[in-house]
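Input: a single structure, listed below in structure tokens.
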Amino acid sequence: MAQSYDRGAVESFGRWREFQAGMWAWILHKLTGWILVGYLFTHIAVLSTAVGVDPGAAATEVDTYTQTLQGLEGLLIVRFLEIGLLTVAVFHILNGIRLLFVDLGLGLDVQDASFYASLILTALITLSSLPTFLGGAL
Amino acid sequence: MSTQLEQETEIEEEPTESRESVAERLSEKRREQIQEDLDTAEKTIQLKVFRYDPEIEGKMEPRFDSFTVPFHKGMTVLDALIYARDRYDSSLTFRHSCRQAVCGSDALFVNGQQRLGCKTQLGDLEHPIRIEPLPHQDVVKDLVVDMQHFYDQMEAVEPYFDPDELPEGELEEQRQTPENREKVKLSTRCIWCGACMSSCNIAAGDNEYLGPAAINKAYRFAMDEREGTDRKKERLRIVEQEHGVWRCQTQFSCTEVCPKDIPLTEHIQALKRESIKNNLKFW
Ligand code: HEM
Ligand code: SF4
Ligand code: FES
């Protein structure tokens, strides 16, 4: 009778070097999707510091919310995380649109080209955002 | 049963040992023969072939054997395997029959991709050439895998033409419009080789998933206008079940490896849309 065993490098993710466009698109889409969900929680946490803020304090920028935001924006690492977030979101949206076309049965024979296009566009958008995100911080 | 998980014995080790010295155990005469072949060939090519035989003492440990074979222009991976079997080791086991990409016997994992041995030119590959049995299927011996599960999934979509009405005379043709023929044309090419199923990450994780080939087969009949609307509904019911079309995550692996160039992902997506339409339709 046949037996099964772990054939090491042959099995699924151990073969990542051999993955082609469609598979990479899938991995990156799931990854970016879940990163966005993770961001949603930190986003809510930061926004919640605005709850019950005294309008007087807010006007002079000494309320918790403004302080928290200014504190975060002052950290260089936060600026880089923001760039990362943009990259992740832009890729997810562009590849998401690609997947919607795939669902409609459009352009399936150029699915690899459209994946590369979303990567390149993501890179361009990220690069052009650098002055905005790093302005004043460097 | 297609949906039952079989009891399996797991052997955890990865094959590390590689025997380079197959030739050393051959007779003097055979070795001279091989040497002559190698000397007269354009060049020589090295194969690293997966070996495993759970029934023979000493072969139960998976390993790779190395064979040096003479290369001639136009030679395929299957030709090289046949040479290795005929000259080096008659116990080297693999399936083949037609040698022309028709019978679907020799889907193998060659240099990290599912390919048909008889349709893959040796000249197009990087050396040494690594030949393994199809991943995600149980290995029976050497390069032979157990295809039963794959066949069960194919059967599950009832892959038989089932028209609404038969033509009048017994010898009449069952006519189809050219447009409709065009629509199902590519899907009819499947040779049941199992390459697609083996490449599919979802099928690897979900043993009950019908898999690309079976869904393609369902497409072939569901889209055939000669079958009636009721039959089409039944066919859609099979593919829209939990382990049917909706498992597909459009990774395109199956489409990449299919030796008959069937646009599998496209057909799966078409059936997804078809089953949504079928369920929304209330008139
Ligand atoms: C315009 C914006 C967006 C578009 C066009 C989009 C598109 C898509 C599409 C088409 C899928 C399905 C992928 C598949 O077929 O496998 C998907 C999956 C996913 N999206 Fe988005 N998305 C967007 C925004 C977001 C946001 C803001 C989040 C997080 C809060 C998110 C989280 C996810 C996650 C986690 C998945 C994976 C779900 C799974 O594991 O199956 N997406 N997205
Ligand atoms: S669809 Fe292609 S890869 Fe899959 S079994 Fe048929 S011929 Fe082989
Ligand atoms: S030997 Fe028949 S398909 Fe390769």
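Does at least one position in the stretch B:225-245 carry a residue that is surrounded by fewer than 18 Cβ atoms within 10 Å (Cβ to Cβ) and either closer than 24 Å to A:Leu28 by Cβ or in the same structural domain as B:Phe109 (by TED's automatic domain parsing) (or both)? No, the stretch B:225-245 contains no residue that is surrounded by fewer than 18 Cβ atoms within 10 Å (Cβ to Cβ) and either closer than 24 Å to A:Leu28 by Cβ or in the same structural domain as B:Phe109 (by TED's automatic domain parsing) (or both). The residue list B:Lys119, B:Lys141 contains one member that is within 16 Å of ligand 2 (Cβ to nearest atom), closer than 20 Å to B:Ile82 by Cα and assigned by TED's automatic domain parsing to the domain that holds B:Lys59, which is B:Lys119. Within the set B:Ala222, B:Ala203, the sole residue that is closer than 21 Å to B:Phe252 by Cβ and either within 16 Å of ligand 3 (Cβ to nearest atom) or buried (at least 24 other Cβ atoms within 10 Å of the Cβ) (or both) turns out to be B:Ala203.
Here B:Pro128 meets each of (1) surrounded by 14 or more Cβ atoms within 10 Å (Cβ to Cβ); (2) assigned by TED's automatic domain parsing to the domain that holds B:Asp53; (3) of a type outside the set (A, V, I, L, M); (4) touching a helix residue (DSSP H, G or I) at 6+ places or on another chain (Cβ under 9 Å) with one exception, condition (4). For A:Gln70, the conditions (1) in a helix (DSSP H, G or I); (2) more than 10 Å from ligand 1 (Cβ to nearest atom); (3) surrounded by 12 or more Cβ atoms within 10 Å (Cβ to Cβ); (4) more than 13 Å from chain B (Cβ to nearest Cβ) all hold with the exception of (3). Filter the stretch B:105-114 down to residues that are closer than 16 Å to B:Cys258 by Cβ and surrounded by fewer than 24 Cβ atoms within 10 Å (Cβ to Cβ) and give me whichever is modelled with the lowest pLDDT. The residue in question is B:Gln113.
Scan the stretch B:170-190 and give yes if some residue there is within 30 Å of B:Ile56 (Cα to Cα) and not assigned by TED's automatic domain parsing to the domain that holds B:Leu108, otherwise no. No, there is no match, as no residue in the stretch B:170-190 is within 30 Å of B:Ile56 (Cα to Cα) and not assigned by TED's automatic domain parsing to the domain that holds B:Leu108.
Conditions tested, residue by residue: (1) outside the structural domain of B:Asp261 (by TED's automatic domain parsing); (2) under 14 Å from the mean Cα position of the chain (by Cα); (3) surrounded by 20 or more Cβ atoms within 10 Å (Cβ to Cβ).
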{"residue": "B:Val77", "(1), (2), (3)": "yes, no, yes"}
{"residue": "B:Ala84", "(1), (2), (3)": "yes, no, yes"}
{"residue": "B:Asp89", "(1), (2), (3)": "yes, no, no"}
{"residue": "B:Glu132", "(1), (2), (3)": "yes, yes, yes"}
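Here B:Asn111 passes the criteria (1) in contact (Cβ under 8 Å) with a residue 12 or more places away in the chain; (2) within 22 Å of B:Lys59 (Cα to Cα); (3) not small (Gly, Ala, Ser) except the one numbered (2).
The set of residues in the stretch B:122-138 that are more than 16 Å from ligand 2 (Cβ to nearest atom) and under 23 Å from B:Tyr209 (Cα atoms) contains only B:Asp138. In the stretch A:102-118, the residues that are touching a residue at least 40 places away in the same chain (Cβ under 8 Å) reach residues that are within 14 Å of ligand 1 (Cβ to nearest atom) and part of a loop (DSSP other than H, G, I, E, B) with C-beta atoms within less than 9 angstrom, at least six apart or across chains, in these pairs: A:Gln111/B:Thr250; A:Gln111/B:Phe252; A:Asp112/B:Phe252. Could you tell me which residue of the stretch B:242-283 is farthest from B:Ala213 (Cα to Cα), considering only residues that are touching a residue at least 24 places away in the same chain (Cβ under 8 Å), of a type in the set (D, E, K, R) and within 12 Å of another protein chain (Cβ to nearest Cβ)? That would be B:Glu274.
Taking (1) under 23 Å from the mean Cα position of the chain (by Cα); (2) away from ligand 1 (no atom under 16 Å from the Cβ) in turn, B:Glu274 satisfies each apart from (1).
Here B:Ser253 does not qualify as in contact with a Phe, Trp or Tyr (Cβ under 6 Å, 6 or more places away or on another chain) and within 26 Å of B:Cys98 (Cα to Cα).
For the stretch A:73-104, the set of residues classified as within 11 Å of ligand 1 (Cβ to nearest atom) and among the small types (Gly, Ala, Ser) consists of A:Ala89, A:Gly96, listed by residue number.
Listed by position, the strands (runs of 3 or more DSSP E) contained in the stretch B:82-159 that have at least 2 residues being among the charged types (D, E, K, R) and closer than 15 Å to B:Phe67 by Cα are B:129-132. Considering (1) at pLDDT below 95; (2) part of a strand (DSSP E or B); (3) closer than 24 Å to B:Asn201 by Cβ, the lone condition that B:Phe64 does not fulfil carries the number (3).
Residue count for the stretch B:100-149 under the criterion of being away from every other protein chain (no Cβ under 14 Å) and among the aromatic types (Phe, Trp, Tyr): the result is 0. Applying the criterion of being within 16 Å of ligand 2 (Cβ to nearest atom) and polar (S, T, N, Q) to the residues of the stretch B:156-204, the residue that is farthest from the other protein chains (Cβ to nearest Cβ) is B:Thr188. Within the stretch B:183-228, the set of residues being hydroxyl-bearing (Ser, Thr, Tyr) and part of a helix (DSSP H, G or I) comprises B:Ser187, B:Thr188, B:Ser198, B:Ser199, B:Tyr219.
Checking each residue in the stretch B:244-273 for being closer than 21 Å to B:Glu182 by Cα and in contact with an Asp or Glu (Cβ under 9 Å, 6 or more places away or on another chain) picks out B:Thr255, B:Pro263, B:Glu266, B:Gln269, B:Leu271, B:Lys272, B:Arg273.
The values are calculated or read from the model by the stated rules, or taken from the named source; none is laboratory data. Note that the structure is predicted; figures quoted are calculated from it, not measured. Neighbour counts run over all protein chains shown; Cβ positions are idealised from the backbone, glycine included.
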